[in-house]
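Visitor: Next up is a structure, given as structure tokens.
The values are calculated or read from the model by the stated rules, or taken from the named source; none is laboratory data. Quick caveat: nothing in here was measured; it's all calculated off a predicted structure. We place every Cβ from the backbone using ideal geometry, glycine too, and count neighbours over all the protein chains shown.
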Amino acid sequence: MSLETRVATTDGRGETAPRDQSERETLEKTWQEPPGIVGWFSNVNHKSIGRRFIVTAFVFFLLGGILAILMRVQLARPENRFLGPDLYDQIFTIHGSTMMFLFAVPVMEAMAIYLIPLMVGTRNIAFPRLNAFGYWIYLFGGLFLYAFFLFNVGPDNGWFSYVPLAGPEYSPGKRADVWAQLITFTEVSALVVAVELIATIFKMRAPGMSLNRIPIYVWSIVVTSFMILFAMPTVATASACLILDRLVSTHFFNPAEGGDPLLWQHLFWFFGHPEVYIIFIPATGFVSSIIPVFSRRPVFGYVPLVLSLVSTAFIGFGLWVHHMFATDVPQLGQNFFTAASMMIAIPNGMQIFCWIATLWGGRPVFKTPLLFVLGFVFVFVIGGLTGVMLASVPLDLQAHDTYFVVAHFHYVLIGGAVFPLFGAFYYWFPKITGRLLGERLGKWNFWLMFAGFNLTFFPMHQLGLKGMPRRVYTYLPGTGWENLNLLATAGGVVLTLGVLVFMINVFISLRRGEPAGDNPWNADTLEWATNSPPPNYNFLHVPTVAGRNALWDKAEDQPVVTGLRGDIRETLVTYVLDAEPDHREKLPNPSIWPFLTAVTTTALFVGSMFTPWAVPIGAVPVFVALVGWFWPTKKGHEEQLSAEKQIKPSEVEAQS
Amino acid sequence: VKDRPNIDVSNLPAYGFGHRSLIWWGMLGIIVIEGTVFAVLIASYFYLRIYVRDWPPSTPPPNLIYGSVNTLVLLASLVPNYIYKKAAEREDLRKVRIWLVVSIAFAIAFIVIRVFEFPALNCNWDSNAYGSIVWTLLGTHSTHLVTDFLDTVVLTVLMFTGPLEGKRFVDVSENAFYWYFVVLAWIPIYVVIYLVPYLI
């Protein structure tokens, strides 16, 4: 079907045109958030869910950070008695699990939930109810972990929960089960969100935003979401096998009965290594958004940047054995994984050169978001270099299980993800709240975090080379580790101050920050084409796009989409490749059922730690909730019928 | 007042079938996820195979009869699924109802036969690692059979009782799409559980 742009009767260029005003009022009414307490639990707007998701993930970041500081206090001097070994084991396990499963991956998805529908120019995320479910199940998973921790049943086998230590023989009690079920919660959440994001990006882009024009951040999210689809089921399956070994005496990891503990390591790292890129790739998306805007020019090397994201994703699945060089994997296999681990430096290096070229050819404005991005480049390059070193088998065998590895992955993860994330907070805070974060505190925030980070983690390289092993709760005097540990602890305090300054900045700016306006950075992507904060329906008219930098390439008379119903939650679905309009789709209304489904699913997951019968019995309320979710309501049904009355697919076929 | 150029979409349909619909993409995502779960379990099966001399290690190999019969029933169930999928795309309510019910009859048949498959494995999940992996493979696939059966029942009830909308036909069509996956995923699982012990 051809849809020619034509001059319509819609009048008015400004916000004040009377027709726009009445459309706005209709949209306000249709998309308003449901009132009351039940309404709060029924909300399915991607921005509300996204905000809750971001705040929740940040709270878990703080909790994980508090645990980190407790560890640093314990290690500040030799033979410290501040934490005992049992509590220390729980703390480092929960620190790692929190940062990986409850902070890093969720916060990246949370940002995408908020930003992607705005960036592609649609009214809500695809499957908004599933999105709400994804949030609740994530929240309950996190609460579940900390509730058990409070009762001294926190997992204590490390964030990778290696067998046989985590198996039934060496970890009686429920601690290892808590870890395994935490995985189930968080993976379910990550997976459903990945599916929504793929559907949103492929099918709901504004007309004109063909695949070769979507912002690089959006590319980074689609690549990440595909990685999630292939990586997360592996760890979910592995943790299910672990729970089966522990609860119903299967023997997957029991060598006495033909099982193999190394199977666990293979399954875990087949997920665990891509996981690093699942965290890192969205962060590079932030960087590719921020650098061009603050360099005042389009990004250098759009195609190489996209290709490097895609190739990073592919190569990222071929590295997992480099976590297992200290096991008996065959040497030929080790060579392959060494080569692949070094190869991944190529696409990542290419990205860094594209960013440098963008800065080089532009006129950089050194606001806080750009500072964090530059800090990222510095820190991440160091982490990348130690990564190349660790990819080499002989060096890895020396450094394995020492603080050198701890230093490496904190440089990669904090450098590669947390710095860009803070840059992204500064960059998008005005869009989300309508107010800018303070620049002065922002600079303090950056320099404290940057200095604190390097002070904390750089000495750990040296500690590792001096032989300090990971996961020990204390060490003897005279090992030569004392001063470096004290330095790392002091750095941790500075880093904490940096985070505190950020929270103070947020607190002050929410009340007294400078009003942002629609587009304070004069940025190029579609989220800046609407109000700050955006209305519930995102855009008065679904926009169209004429180039890679939607707002910079906009024609003076850039057309908008009209003819979408404002009195029901209708949005436009477009074709995958070229984003030509395909059909109108009525998105679901708010519903309490996703919340109830999450509650019943939580009961099933927690119950199954105690008896296998919780699975068949717990499945009954889950089924009831799902039927409630699926079954059409009177309102939804009537709205759908009225949408369909306009035109049937069969009639369209007949016309063409 | 100057007119603003626009793209009028009011004459577009309110839903589309196949890859045009959002729900197809959602379904594809679920298929990729669950396909990965099956692939991981099959890979684990062969990984565990490497480290023992005899396979199955200490028990007789599975009896082929129930699993093979069930494979035929599963493959046959593609026919009613295909028919109601095509009928849904033509929005032929009568035909959709009839063939949904036929599909449910097939589903009941192979779930019942599946109950006999577990004893035919000739081992228990806690006998050894071999028993663990074949029970888990069969169990995971059976979970898909049961959940897809329940999905189909709910959808069928809705198609009889209403309230009905045109868009429900998209759901019906995608239900068949998922069913195809559950059946086709069974073929490699069947080969692994039932034939591989005789072959290697």
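Visitor: Which of the following residues is in contact with a strand residue (DSSP E or B) (Cβ under 9 Å, 6 or more places away or on another chain), in contact (Cβ under 8 Å) with a residue 12 or more places away in the chain and either under 30 Å from A:T402 (Cα atoms) or not in a helix (DSSP H, G or I) (or both): A:L463, A:L487, A:L437?
Guide: From the options A:L463, A:L487, A:L437, the qualifying one is A:L463.
Visitor: Applying the selection to the range A:581-592, what residues are surrounded by 20 or more Cβ atoms within 10 Å (Cβ to Cβ) and among the hydrophobic types (A, V, I, L, M, F, W, C)?
Guide: A:L587, the sole residue that qualifies.
Visitor: Pairs please, first residue from the range A:57-79 and without any contact (Cβ under 8 Å) to a residue 24 or more places away in the chain, second anywhere and in a helix (DSSP H, G or I), Cβ atoms under 8 Å, 6+ apart in sequence or on different chains.
Guide: From residues that are without any contact (Cβ under 8 Å) to a residue 24 or more places away in the chain, the pairs are A:L70/A:I91.
Visitor: I'd like the full set of residues that are surrounded by fewer than 16 Cβ atoms within 10 Å (Cβ to Cβ), over 26 Å from the mean Cα position of the chain (by Cα) and modelled with pLDDT of 90 or more, limited to the range B:55-64.
Guide: Residue satisfying the conditions is B:P60 alone.
Visitor: From the list B:L93, B:L22, B:L100, pick out the single residue that is within 9 Å of chain A (Cβ to nearest Cβ), at pLDDT 95 or above and either out of contact with any Cys (no Cβ under 7 Å at 6 or more places or on another chain) or over 30 Å from B:Y130 (Cβ atoms) (or both).
Guide: Being within 9 Å of chain A (Cβ to nearest Cβ), at pLDDT 95 or above and either out of contact with any Cys (no Cβ under 7 Å at 6 or more places or on another chain) or over 30 Å from B:Y130 (Cβ atoms) (or both) holds for just one of B:L93, B:L22, B:L100, which is B:L22.
Visitor: Sticking with this one: Quickly run through the range A:63-122 and pick out the residues that are outside any helix (DSSP H, G or I), more than 21 Å from A:Y403 (Cβ to Cβ) and not small (G, A, S).
Guide: A:R81, A:T122
Visitor: Restrict the check to the range A:548-556 and report whether at least one residue is more than 8 Å from chain B (Cβ to nearest Cβ), surrounded by 19 or more Cβ atoms within 10 Å (Cβ to Cβ) and within 24 Å of A:N131 (Cα to Cα).
Guide: no
Visitor: Check A:A231, A:A238 and return the single one that is within 14 Å of chain B (Cβ to nearest Cβ) and over 22 Å from A:I198 (Cα atoms).
Guide: Matching residue, one of A:A231, A:A238: A:A238.
Visitor: Right, something else. Across the range A:171-218, what is the number of residues that are more than 14 Å from chain B (Cβ to nearest Cβ) and either over 23 Å from A:A236 (Cβ atoms) or of a type in the set (V, I, T) (or both)?
Guide: Residues in the range A:171-218 being more than 14 Å from chain B (Cβ to nearest Cβ) and either over 23 Å from A:A236 (Cβ atoms) or of a type in the set (V, I, T) (or both): 12 in total.
Visitor: Going through A:D578, A:D567 one at a time, which residue ends up being farther than 22 Å from A:A199 by Cα and either crowded, with 16+ Cβ neighbours inside 10 Å or touching a residue at least 60 places away in the same chain (Cβ under 8 Å) (or both)?
Guide: Matching residue, one of A:D578, A:D567: A:D567.
Visitor: Moving on. Considering each of A:F380, A:F317 in turn, give the residue that is over 23 Å from A:V418 (Cβ atoms) and either of a type in the set (D, E) or in contact with a helix residue (DSSP H, G or I) (Cβ under 6 Å, 6 or more places away or on another chain) (or both).
Guide: Of A:F380, A:F317, the one residue that is over 23 Å from A:V418 (Cβ atoms) and either of a type in the set (D, E) or in contact with a helix residue (DSSP H, G or I) (Cβ under 6 Å, 6 or more places away or on another chain) (or both) is A:F317.
Visitor: If you don't mind, there's one more thing I want to ask. Taking the range B:152-177 on its own, how many of its residues are within 8 Å of chain A (Cβ to nearest Cβ) and either without any contact (Cβ under 8 Å) to a residue 60 or more places away in the chain or within 27 Å of B:A76 (Cα to Cα) (or both)?
Guide: 4
Visitor: Surrounded by 16 or more Cβ atoms within 10 Å (Cβ to Cβ), in contact (Cβ under 8 Å) with a residue 24 or more places away in the chain and more than 21 Å from B:Y130 (Cβ to Cβ), is that true of B:A107?
Guide: Yes: the conditions hold for B:A107.
Here is a yes/no grid of residues against (1) in contact with a helix residue (DSSP H, G or I) (Cβ under 6 Å, 6 or more places away or on another chain); (2) β-branched (V, I, T); (3) farther than 28 Å from A:F409 by Cβ; (4) buried (at least 20 other Cβ atoms within 10 Å of the Cβ):
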| position | (1), (2), (3), (4) |
| --- | --- |
| A:L27 | no, no, yes, yes |
| A:P34 | yes, no, yes, no |
| A:S42 | no, no, yes, yes |
| A:I49 | yes, yes, yes, yes |
| A:G84 | no, no, no, no |
| A:A104 | yes, no, no, yes |
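Visitor: Hey, any hits in the range A:312-326 for a residue that's modelled with pLDDT of 95 or more and farther than 30 Å from A:L263 by Cβ?
Guide: No, the range A:312-326 contains no residue that is modelled with pLDDT of 95 or more and farther than 30 Å from A:L263 by Cβ.
Visitor: Return the only residue of A:V627, A:V573, A:V599 being within 27 Å of B:V157 (Cα to Cα) and facing chain B (nearest Cβ under 8 Å).
Guide: A:V627
Visitor: Right, here's the next one. Looking at (1) part of a loop (DSSP other than H, G, I, E, B); (2) buried (at least 18 other Cβ atoms within 10 Å of the Cβ), which is the one condition that is false for A:G492?
Guide: (1)
Visitor: With a cut-off of at least 2 residues that are of a type in the set (S, T, N, Q) and more than 30 Å from B:W55 (Cα to Cα), name the helices (runs of 4 or more DSSP H) lying wholly within the range B:96-200.
Guide: By residue number, B:129-161, B:168-190.
Visitor: Any residue that is assigned to a helix (DSSP H, G or I), at pLDDT below 95, within 24 Å of A:G158 (Cα to Cα) and of a type in the set (G, A, S) - is there at least one of those in the range A:410-419?
Guide: yes
Visitor: Going by what's in this entry, would A:I243 be described as within 30 Å of A:A326 (Cβ to Cβ) and either more than 8 Å from chain B (Cβ to nearest Cβ) or without any contact (Cβ under 8 Å) to a residue 60 or more places away in the chain (or both)?
Guide: When the stated conditions are applied, A:I243 passes them.
Visitor: Restricting to the range B:47-90, name every residue that is within 11 Å of chain A (Cβ to nearest Cβ), part of a helix (DSSP H, G or I) and either closer than 27 Å to B:N122 by Cα or free of Cβ contacts under 8 Å to residues at least 40 places away in the same chain (or both).
Guide: The answer is B:Y47, B:L48, B:R49, B:I50.
Visitor: Continuing with this model, one more query. Going by the structure shown, is A:I291 closer than 22 Å to A:P215 by Cα and touching a Phe, Trp or Tyr at 6+ places or on another chain (Cβ under 6 Å)?
Guide: yes
Visitor: Please work out if B:F149 is within 13 Å of chain A (Cβ to nearest Cβ), surrounded by fewer than 20 Cβ atoms within 10 Å (Cβ to Cβ) and in contact (Cβ under 8 Å) with a residue 24 or more places away in the chain.
Guide: Here the answer is yes, as B:F149 does meet what is asked.
Visitor: Also, I was wondering about something else. Select, from A:Y146, A:Y138, the only residue that is part of a helix (DSSP H, G or I), surrounded by fewer than 23 Cβ atoms within 10 Å (Cβ to Cβ), of a type outside the set (D, E) and away from every other protein chain (no Cβ under 14 Å).
Guide: A:Y146
Visitor: Let me ask something else. Before we move on, is B:L22 over 21 Å from B:A176 (Cβ atoms), crowded, with 21+ Cβ neighbours inside 10 Å and touching a strand residue (DSSP E or B) at 6+ places or on another chain (Cβ under 7 Å)?
Guide: Answer is no for this residue.
Visitor: Let me ask something else. May I ask you to say which residue of A:T200, A:T184, A:T237 is in a helix (DSSP H, G or I) and more than 30 Å from B:N128 (Cβ to Cβ)?
Guide: A:T200
Visitor: So which pairs qualify, if the first residue must be in the range B:114-135 and at the interface with chain A (Cβ under 7 Å from one of its Cβ atoms), the second must be part of a loop (DSSP other than H, G, I, E, B) and surrounded by fewer than 20 Cβ atoms within 10 Å (Cβ to Cβ), the Cβ gap must be under 6 Å, and the two must be at least 6 apart or on different chains?
Guide: B:D126/A:S249; B:N128/B:P57; B:Y130/B:P57
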